[in-house]
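Take a look at the structure below.
The values are calculated or read from the model by the stated rules, or taken from the named source; none is laboratory data. Model, not experiment: these values are computed from the prediction. Backbone-built Cβ (ideal geometry, glycine too); neighbour counts: all protein chains shown. Heavy atoms of the whole protein, side chains included, go into the accessibility calculation; ligands, DNA and RNA do not. Shrake-Rupley method; radii C 1.70, N 1.55, O 1.52, S 1.80 Å.
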Amino acid sequence: MQVQAIDLLPYRIPMPGGFTTAHGTFAQREGCLIKITTSGGIIGLGEAAPLPDFGGATFAETYAALNTLRDQLLQRDCVEAVSSLYPLLEEQGYPASALYGLECALLDAWGQHEGMSLHTLLAPAGTRPRANVAVNAVIGAATTEAVTQAAQKAIQAGFGCLKLKMGLSDHPEEEIKRVAAVRAAIGPQVHLRLDVNEKWSLEQAATILEACTQYDIQYVEQPLRAFDLEGMYQLRQRVAIPLAADEAVYDLASTRRILDWQAADVLIIKPQLVGGLYPARSIIQTANAAGVRCVLTSSLEAGISLAATLHLAAASPEVTMECGLATLALLEDDLLTNQITIRDGLMPVPTTPGLGVQLDQAALARYTFMPSQEEVR
(Lines give C-alpha, C1' and ligand atoms only; values in the text may rest on other atoms or scores of the structure.)
Protein backbone atom coordinates (compact mmCIF):
# COMPACT_ATOMS: atom_id res chain seq x y z
CA MET A 1 0.00 0.00 0.00
CA GLN A 2 1.77 3.08 -1.28
CA VAL A 3 1.19 6.80 -0.82
CA GLN A 4 -0.17 8.05 -4.14
CA ALA A 5 -1.20 11.62 -3.25
CA ILE A 6 -1.08 14.02 -0.31
CA ASP A 7 -3.45 17.00 -0.23
CA LEU A 8 -2.99 19.88 2.22
CA LEU A 9 -6.18 21.68 3.27
CA PRO A 10 -5.60 24.78 5.45
CA TYR A 11 -8.41 25.99 7.71
CA ARG A 12 -9.14 28.91 10.01
CA ILE A 13 -12.05 28.37 12.44
CA PRO A 14 -13.45 31.08 14.75
CA MET A 15 -13.76 30.41 18.49
CA PRO A 16 -17.02 32.15 19.47
CA GLY A 17 -16.53 34.25 22.59
CA GLY A 18 -12.80 33.51 22.61
CA PHE A 19 -10.91 31.25 24.99
CA THR A 20 -8.80 32.87 27.70
CA THR A 21 -5.62 31.47 29.25
CA ALA A 22 -2.62 33.11 30.92
CA HIS A 23 -1.03 33.14 27.44
CA GLY A 24 -3.85 35.35 26.11
CA THR A 25 -7.22 34.97 24.42
CA PHE A 26 -7.70 32.74 21.38
CA ALA A 27 -10.19 34.12 18.86
CA GLN A 28 -9.65 31.49 16.16
CA ARG A 29 -7.84 28.22 15.49
CA GLU A 30 -5.63 27.77 12.46
CA GLY A 31 -4.35 24.50 11.07
CA CYS A 32 -4.06 22.22 8.06
CA LEU A 33 -5.93 19.01 7.33
CA ILE A 34 -3.94 16.33 5.53
CA LYS A 35 -5.54 13.86 3.12
CA ILE A 36 -3.43 10.91 2.00
CA THR A 37 -4.66 8.70 -0.84
CA THR A 38 -3.11 5.25 -1.14
CA SER A 39 -2.60 2.94 -4.11
CA GLY A 40 -5.60 0.94 -2.88
CA GLY A 41 -7.87 3.97 -2.96
CA ILE A 42 -7.94 4.38 0.83
CA ILE A 43 -8.04 7.95 2.16
CA GLY A 44 -6.31 8.66 5.46
CA LEU A 45 -6.90 11.90 7.36
CA GLY A 46 -4.59 13.87 9.63
CA GLU A 47 -4.39 17.36 11.10
CA ALA A 48 -1.47 19.67 11.82
CA ALA A 49 -2.46 22.51 14.16
CA PRO A 50 0.54 24.14 15.87
CA LEU A 51 0.25 26.29 18.99
CA PRO A 52 2.99 28.96 18.86
CA ASP A 53 1.94 30.39 22.23
CA PHE A 54 2.68 27.01 23.82
CA GLY A 55 6.19 26.70 22.42
CA GLY A 56 5.24 25.14 19.10
CA ALA A 57 6.07 26.23 15.56
CA THR A 58 4.03 28.81 13.68
CA PHE A 59 1.45 27.88 11.08
CA ALA A 60 3.76 29.19 8.33
CA GLU A 61 6.63 26.98 9.52
CA THR A 62 4.36 23.97 9.80
CA TYR A 63 2.77 24.46 6.40
CA ALA A 64 6.15 24.93 4.72
CA ALA A 65 7.39 21.71 6.34
CA LEU A 66 4.31 19.81 5.17
CA ASN A 67 5.01 20.87 1.59
CA THR A 68 8.60 19.63 1.87
CA LEU A 69 7.69 16.36 3.56
CA ARG A 70 4.91 15.66 1.08
CA ASP A 71 7.45 15.23 -1.71
CA GLN A 72 9.51 12.84 0.44
CA LEU A 73 6.60 10.52 1.22
CA LEU A 74 5.03 10.10 -2.22
CA GLN A 75 5.26 6.56 -3.64
CA ARG A 76 6.51 5.15 -0.32
CA ASP A 77 4.90 2.25 1.50
CA CYS A 78 2.59 3.62 4.20
CA VAL A 79 4.12 1.65 7.07
CA GLU A 80 7.63 2.57 5.95
CA ALA A 81 6.54 6.20 5.59
CA VAL A 82 5.32 6.27 9.21
CA SER A 83 8.63 4.92 10.48
CA SER A 84 10.57 7.47 8.44
CA LEU A 85 8.94 10.38 10.28
CA TYR A 86 10.25 9.75 13.80
CA PRO A 87 13.99 10.36 13.18
CA LEU A 88 13.03 13.74 11.71
CA LEU A 89 11.88 14.99 15.13
CA GLU A 90 15.50 15.32 16.22
CA GLU A 91 17.64 15.03 13.11
CA GLN A 92 16.25 17.82 10.94
CA GLY A 93 14.13 19.89 13.29
CA TYR A 94 10.81 19.62 11.46
CA PRO A 95 7.85 21.07 13.40
CA ALA A 96 6.25 18.49 15.65
CA SER A 97 2.74 19.30 14.41
CA ALA A 98 3.70 18.62 10.79
CA LEU A 99 5.09 15.19 11.68
CA TYR A 100 2.10 14.42 13.88
CA GLY A 101 -0.41 15.34 11.17
CA LEU A 102 1.30 13.12 8.60
CA GLU A 103 1.63 10.25 11.08
CA CYS A 104 -2.07 10.52 11.89
CA ALA A 105 -3.10 10.36 8.21
CA LEU A 106 -0.80 7.40 7.52
CA LEU A 107 -2.05 5.51 10.59
CA ASP A 108 -5.66 6.20 9.60
CA ALA A 109 -4.98 4.68 6.17
CA TRP A 110 -3.07 1.77 7.73
CA GLY A 111 -5.90 1.02 10.16
CA GLN A 112 -8.46 1.05 7.37
CA HIS A 113 -6.29 -1.27 5.29
CA GLU A 114 -6.03 -3.71 8.21
CA GLY A 115 -9.74 -3.37 9.07
CA MET A 116 -8.70 -2.22 12.55
CA SER A 117 -9.69 0.82 14.61
CA LEU A 118 -6.82 3.12 15.54
CA HIS A 119 -7.07 2.44 19.29
CA THR A 120 -6.76 -1.29 18.60
CA LEU A 121 -3.75 -0.63 16.38
CA LEU A 122 -2.09 1.51 19.08
CA ALA A 123 -2.84 -0.69 22.10
CA PRO A 124 0.14 -2.53 23.65
CA ALA A 125 0.17 -6.30 23.09
CA GLY A 126 -2.01 -8.14 25.56
CA THR A 127 -4.16 -5.13 26.48
CA ARG A 128 -7.73 -4.30 25.57
CA PRO A 129 -8.47 -0.66 24.69
CA ARG A 130 -11.28 1.15 26.48
CA ALA A 131 -14.60 1.83 24.81
CA ASN A 132 -14.97 5.21 26.56
CA VAL A 133 -12.54 7.79 27.92
CA ALA A 134 -13.34 10.02 30.91
CA VAL A 135 -12.74 13.70 30.11
CA ASN A 136 -12.62 17.00 31.99
CA ALA A 137 -14.45 20.21 31.15
CA VAL A 138 -12.34 23.36 30.71
CA ILE A 139 -13.37 26.62 32.41
CA GLY A 140 -11.59 29.63 30.93
CA ALA A 141 -13.92 32.54 31.68
CA ALA A 142 -12.35 35.71 33.06
CA THR A 143 -14.81 36.90 35.75
CA THR A 144 -15.81 35.06 38.92
CA GLU A 145 -19.49 35.16 37.98
CA ALA A 146 -18.83 33.73 34.51
CA VAL A 147 -16.50 31.08 35.94
CA THR A 148 -19.04 29.82 38.47
CA GLN A 149 -21.83 29.78 35.88
CA ALA A 150 -19.66 27.78 33.46
CA ALA A 151 -18.65 25.38 36.23
CA GLN A 152 -22.25 24.74 37.26
CA LYS A 153 -23.25 24.22 33.63
CA ALA A 154 -20.47 21.62 33.22
CA ILE A 155 -21.65 19.75 36.32
CA GLN A 156 -25.24 19.76 35.05
CA ALA A 157 -23.92 18.25 31.79
CA GLY A 158 -22.49 15.34 33.75
CA PHE A 159 -18.78 16.18 34.00
CA GLY A 160 -17.05 14.83 37.08
CA CYS A 161 -13.82 16.77 36.56
CA LEU A 162 -13.18 20.46 35.81
CA LYS A 163 -10.00 22.25 34.80
CA LEU A 164 -9.95 25.91 35.85
CA LYS A 165 -7.72 28.33 33.96
CA MET A 166 -5.66 30.46 36.33
CA GLY A 167 -3.01 33.16 36.03
CA LEU A 168 -5.51 35.81 34.94
CA SER A 169 -4.72 38.14 37.88
CA ASP A 170 -1.45 39.44 39.30
CA HIS A 171 -2.94 39.42 42.80
CA PRO A 172 -2.70 36.11 44.73
CA GLU A 173 -5.84 36.87 46.74
CA GLU A 174 -7.87 37.14 43.51
CA GLU A 175 -6.52 33.81 42.28
CA ILE A 176 -7.46 32.17 45.59
CA LYS A 177 -10.97 33.67 45.48
CA ARG A 178 -11.39 32.25 41.95
CA VAL A 179 -10.66 28.73 43.17
CA ALA A 180 -12.83 29.12 46.26
CA ALA A 181 -15.77 30.32 44.17
CA VAL A 182 -15.58 27.36 41.81
CA ARG A 183 -15.24 24.80 44.59
CA ALA A 184 -18.25 26.32 46.33
CA ALA A 185 -20.22 26.18 43.07
CA ILE A 186 -19.46 22.53 42.25
CA GLY A 187 -19.44 20.91 45.68
CA PRO A 188 -16.88 18.55 47.23
CA GLN A 189 -17.23 15.48 44.99
CA VAL A 190 -16.13 16.87 41.61
CA HIS A 191 -12.43 16.70 40.72
CA LEU A 192 -10.93 20.18 40.34
CA ARG A 193 -7.69 20.94 38.47
CA LEU A 194 -5.91 24.27 38.05
CA ASP A 195 -4.03 25.31 34.90
CA VAL A 196 -1.68 28.28 35.27
CA ASN A 197 0.13 28.23 31.88
CA GLU A 198 3.49 29.35 33.38
CA LYS A 199 2.12 32.56 34.89
CA TRP A 200 3.21 32.41 38.56
CA SER A 201 6.55 32.97 40.27
CA LEU A 202 7.74 30.44 42.82
CA GLU A 203 6.64 32.61 45.76
CA GLN A 204 3.27 33.39 44.18
CA ALA A 205 2.69 29.71 43.50
CA ALA A 206 3.60 28.71 47.05
CA THR A 207 1.31 31.39 48.55
CA ILE A 208 -1.65 30.55 46.34
CA LEU A 209 -1.36 26.77 46.52
CA GLU A 210 -0.88 26.68 50.29
CA ALA A 211 -4.13 28.63 50.59
CA CYS A 212 -5.87 26.38 48.06
CA THR A 213 -4.99 23.09 49.77
CA GLN A 214 -8.34 23.23 51.58
CA TYR A 215 -10.17 23.11 48.23
CA ASP A 216 -9.04 19.56 47.37
CA ILE A 217 -7.17 20.27 44.13
CA GLN A 218 -6.39 17.18 42.04
CA TYR A 219 -3.28 18.87 40.59
CA VAL A 220 -2.03 22.20 39.24
CA GLU A 221 -0.64 22.42 35.71
CA GLN A 222 2.55 24.33 34.91
CA PRO A 223 2.48 26.92 37.72
CA LEU A 224 6.03 28.07 36.83
CA ARG A 225 7.86 28.72 33.58
CA ALA A 226 8.47 25.60 31.54
CA PHE A 227 12.26 25.84 31.82
CA ASP A 228 12.22 26.24 35.62
CA LEU A 229 12.53 22.59 36.62
CA GLU A 230 14.50 23.47 39.74
CA GLY A 231 11.68 25.79 40.80
CA MET A 232 9.12 23.04 40.17
CA TYR A 233 11.15 20.65 42.32
CA GLN A 234 11.33 23.23 45.14
CA LEU A 235 7.61 23.93 44.89
CA ARG A 236 6.85 20.21 45.17
CA GLN A 237 8.67 20.18 48.50
CA ARG A 238 6.68 23.16 49.80
CA VAL A 239 3.08 22.40 48.86
CA ALA A 240 0.81 19.37 49.20
CA ILE A 241 -1.03 19.82 45.89
CA PRO A 242 0.46 17.61 43.13
CA LEU A 243 2.20 19.47 40.30
CA ALA A 244 1.78 18.73 36.59
CA ALA A 245 4.17 19.67 33.77
CA ASP A 246 2.48 20.80 30.56
CA GLU A 247 4.43 23.29 28.42
CA ALA A 248 7.61 21.64 29.74
CA VAL A 249 6.66 18.38 27.95
CA TYR A 250 7.50 18.59 24.25
CA ASP A 251 9.53 15.45 23.49
CA LEU A 252 11.09 12.40 25.13
CA ALA A 253 14.26 14.27 26.09
CA SER A 254 12.28 16.98 27.89
CA THR A 255 10.33 14.25 29.67
CA ARG A 256 13.52 12.66 30.94
CA ARG A 257 14.76 16.03 32.24
CA ILE A 258 11.52 16.52 34.17
CA LEU A 259 11.81 13.03 35.65
CA ASP A 260 15.48 13.53 36.53
CA TRP A 261 14.61 16.76 38.39
CA GLN A 262 11.62 15.11 40.08
CA ALA A 263 9.82 18.24 38.93
CA ALA A 264 6.28 16.87 38.49
CA ASP A 265 3.78 14.32 39.78
CA VAL A 266 1.85 14.32 36.48
CA LEU A 267 2.76 14.91 32.83
CA ILE A 268 0.28 16.59 30.46
CA ILE A 269 0.88 15.27 26.94
CA LYS A 270 -0.36 16.87 23.74
CA PRO A 271 0.40 14.48 20.83
CA GLN A 272 0.09 17.43 18.44
CA LEU A 273 3.06 19.11 20.17
CA VAL A 274 5.29 16.09 20.83
CA GLY A 275 5.38 14.92 17.21
CA GLY A 276 3.01 11.99 17.05
CA LEU A 277 0.93 9.30 18.68
CA TYR A 278 3.80 6.83 18.97
CA PRO A 279 6.17 9.48 20.42
CA ALA A 280 3.41 10.24 22.93
CA ARG A 281 3.21 6.51 23.75
CA SER A 282 6.96 6.51 24.44
CA ILE A 283 6.55 9.44 26.84
CA ILE A 284 3.70 7.67 28.66
CA GLN A 285 5.73 4.48 29.04
CA THR A 286 8.82 6.36 30.26
CA ALA A 287 6.81 8.34 32.82
CA ASN A 288 4.95 5.26 33.99
CA ALA A 289 8.23 3.44 34.63
CA ALA A 290 9.24 6.36 36.90
CA GLY A 291 5.95 6.31 38.80
CA VAL A 292 4.68 9.55 37.22
CA ARG A 293 1.09 9.66 35.92
CA CYS A 294 0.05 11.05 32.53
CA VAL A 295 -2.95 12.87 31.11
CA LEU A 296 -3.58 13.28 27.37
CA THR A 297 -5.08 16.54 26.12
CA SER A 298 -6.03 18.22 22.90
CA SER A 299 -4.35 21.32 21.50
CA LEU A 300 -7.68 23.08 20.83
CA GLU A 301 -7.65 21.61 17.34
CA ALA A 302 -10.52 20.35 15.17
CA GLY A 303 -12.15 16.92 15.19
CA ILE A 304 -9.67 14.80 13.25
CA SER A 305 -6.76 15.45 15.59
CA LEU A 306 -8.96 15.20 18.66
CA ALA A 307 -10.21 11.80 17.48
CA ALA A 308 -6.61 10.61 17.14
CA THR A 309 -5.77 11.66 20.72
CA LEU A 310 -8.98 10.00 21.92
CA HIS A 311 -7.84 6.73 20.31
CA LEU A 312 -4.46 7.01 22.02
CA ALA A 313 -6.08 7.61 25.40
CA ALA A 314 -8.29 4.54 24.92
CA ALA A 315 -5.23 2.48 23.94
CA SER A 316 -3.10 3.54 26.94
CA PRO A 317 -3.84 1.51 30.10
CA GLU A 318 -1.39 3.71 32.04
CA VAL A 319 -3.63 6.77 31.51
CA THR A 320 -6.30 6.48 34.21
CA MET A 321 -7.21 10.10 35.05
CA GLU A 322 -9.66 12.23 33.06
CA CYS A 323 -8.21 13.52 29.78
CA GLY A 324 -8.47 17.06 28.39
CA LEU A 325 -10.48 16.28 25.26
CA ALA A 326 -13.74 18.19 25.77
CA THR A 327 -12.64 21.14 23.63
CA LEU A 328 -14.49 20.83 20.31
CA ALA A 329 -17.35 23.01 21.62
CA LEU A 330 -14.89 25.92 21.76
CA LEU A 331 -14.76 25.93 17.95
CA GLU A 332 -17.48 27.16 15.62
CA ASP A 333 -17.21 23.84 13.75
CA ASP A 334 -15.24 20.60 14.24
CA LEU A 335 -15.10 19.77 10.49
CA LEU A 336 -16.68 16.33 11.03
CA THR A 337 -19.91 14.85 9.72
CA ASN A 338 -20.16 12.39 12.64
CA GLN A 339 -19.92 14.20 15.96
CA ILE A 340 -17.69 13.05 18.79
CA THR A 341 -20.09 13.06 21.71
CA ILE A 342 -19.72 13.36 25.48
CA ARG A 343 -22.18 11.76 27.86
CA ASP A 344 -21.85 12.02 31.65
CA GLY A 345 -18.21 13.01 31.28
CA LEU A 346 -17.39 10.03 29.02
CA MET A 347 -16.30 10.23 25.38
CA PRO A 348 -17.07 7.09 23.30
CA VAL A 349 -14.23 5.94 21.03
CA PRO A 350 -15.06 5.35 17.32
CA THR A 351 -14.91 1.65 16.49
CA THR A 352 -14.84 1.59 12.68
CA PRO A 353 -11.44 1.02 10.99
CA GLY A 354 -8.85 3.79 11.23
CA LEU A 355 -9.87 7.04 12.94
CA GLY A 356 -13.54 6.26 12.44
CA VAL A 357 -14.49 9.86 11.60
CA GLN A 358 -15.47 11.52 8.33
CA LEU A 359 -14.48 14.94 7.03
CA ASP A 360 -17.28 17.45 6.45
CA GLN A 361 -16.29 18.83 3.05
CA ALA A 362 -18.96 21.56 3.12
CA ALA A 363 -17.75 22.82 6.50
CA LEU A 364 -14.14 22.74 5.38
CA ALA A 365 -15.05 24.84 2.34
CA ARG A 366 -16.45 27.52 4.67
CA TYR A 367 -13.25 27.76 6.71
CA THR A 368 -10.59 27.20 4.05
CA PHE A 369 -8.07 29.99 3.44
CA MET A 370 -5.22 30.44 1.01
CA PRO A 371 -1.77 30.56 2.67
CA SER A 372 0.61 33.30 1.59
CA GLN A 373 3.44 32.62 -0.84
CA GLU A 374 5.90 32.56 2.07
CA GLU A 375 3.87 29.79 3.71
CA VAL A 376 3.72 27.75 0.52
CA ARG A 377 7.52 27.69 0.16
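Computed quantities for the displayed model
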| quantity | calculated |
| --- | --- |
| Quarter of Cα convex hull surface for region 143-183, i.e. mean projection, nm² | 2.7 nm² |
| In the chain, lysine pairs with alpha-carbon atoms under 22 angstrom apart (chain gap of 8 or more, or interchain) | 12 |
| Translational diffusion coefficient (Stokes-Einstein; Kirkwood radius from C-alpha pairs) of region 234-372 at 25 °C, 0.890 mPa s, in µm²/s | 150 µm²/s |
| Neighbour count of at most 15 Cβ within 10 Å plus DSSP loop: longest chymotrypsin sites (Phe, Trp or Tyr not before Pro)-free window in the chain | 1-226 |
| Simple Cβ-charge dipole of the chain, Lys/Arg +1 and Asp/Glu -1, about Cα centre, in debye nearest 20 | 720 debye |
| In degrees, nearest ten, helix 172-186 long axis to first principal axis of the chain (Cα) | 80 degrees |
| nm² value of the averaged projected area, convex hull over the Cα atoms of region 184-283 | 6.7 nm² |
| The chain: relative contact order as a whole-number percent, Cα under 8 Å and 6+ apart | 22 percent |
| Cβ charges +1 (Lys, Arg) and -1 (Asp, Glu), total dipole of region 9-142, debye | 440 debye |
| GluC sites (Glu not before Pro) lying in DSSP loop within region 302-377, provided at most 15 other Cβ fall within 10 Å | Glu318, Glu332 |
| In Å², nearest 10: area of Glu114 left accessible to a 1.4 Å probe | 100 Å² |
| Modelled label reach - Thr320, point 7 Å along Cα→Cβ, region 240-257 residues with backbone N closer than 20 Å | 241-245 |
| Taking the convex hull of Cα positions in region 51-200, its mean projected area over all directions (nm²) | 12.9 nm² |
| Extension reserve of the Thr286-Glu145 stretch, reckoned as 0.36 nm per residue once the Cα distance is removed | 46.6 nm |
| Computed label-point distance, nm, for sites Ala131 and Arg12 using a 7 Å Cα→Cβ extension | 4.4 nm |
| Residue-span extension gain [Asn338 to Glu203] - 0.36 nm each, minus C-alpha spacing | 43.9 nm |
| Where the Cα pairs of region 255-310 fall when distances are cut into 10 Å bins, in % | 24, 52, 21, 3 |
| Per-pair calculated FRET efficiency, R0 = 25 Å: Ala253 and Thr68 via Cβ, rounded to 0.05 | 0.60 |
| q = 0.10, 0.11 Å⁻¹, the chain: log10 I(q)/I(0) [Debye, one scatterer per Cα] | -0.60, -0.73 |
| DSSP bridge pairs, the chain: antiparallel proportion in percent, nearest 5 | 55 percent |
| Förster-model FRET efficiency, 41 Å R0, Gln2 and Gln262, C-beta, rounded to 0.05 | 0.30 |
| Stokes-Einstein D in µm²/s, Kirkwood radius over Cα pairs - region 317-377 at 25 °C with 0.890 mPa s viscosity | 169 µm²/s |
| Cα-based radius of gyration of region 298-352 once divided by 2.2 N^0.38 Å, which approximates compact folds | 1.08 |
| Cα-Cα pairs of region 64-132 separated by more than 20 Å (percent) | 36 percent |
| Average accessible area per residue (Å²) across the chain - probe 1.4 Å, nucleic acids and ligands excluded | 40 Å² |
| Rg and Dmax of region 1-46, Cα atoms only, in Å | 16.1, 47 |
| Computed accessible area, Leu51, all protein chains, 1.4 angstrom probe, square angstrom | 0 Å² |
| Rounded percent of accessible protein surface that carbon and sulfur make up, the chain, 1.4 Å probe | 48 percent |
| Whole-number D in µm² s⁻¹ for region 1-134, Kirkwood Cα-pair radius fed into Stokes-Einstein, 25 °C, 0.890 mPa s | 153 µm²/s |
| Full-stretch length increase - Thr58, Ala157 - with 0.36 nm per residue and alpha-carbon distance subtracted | 32.1 nm |
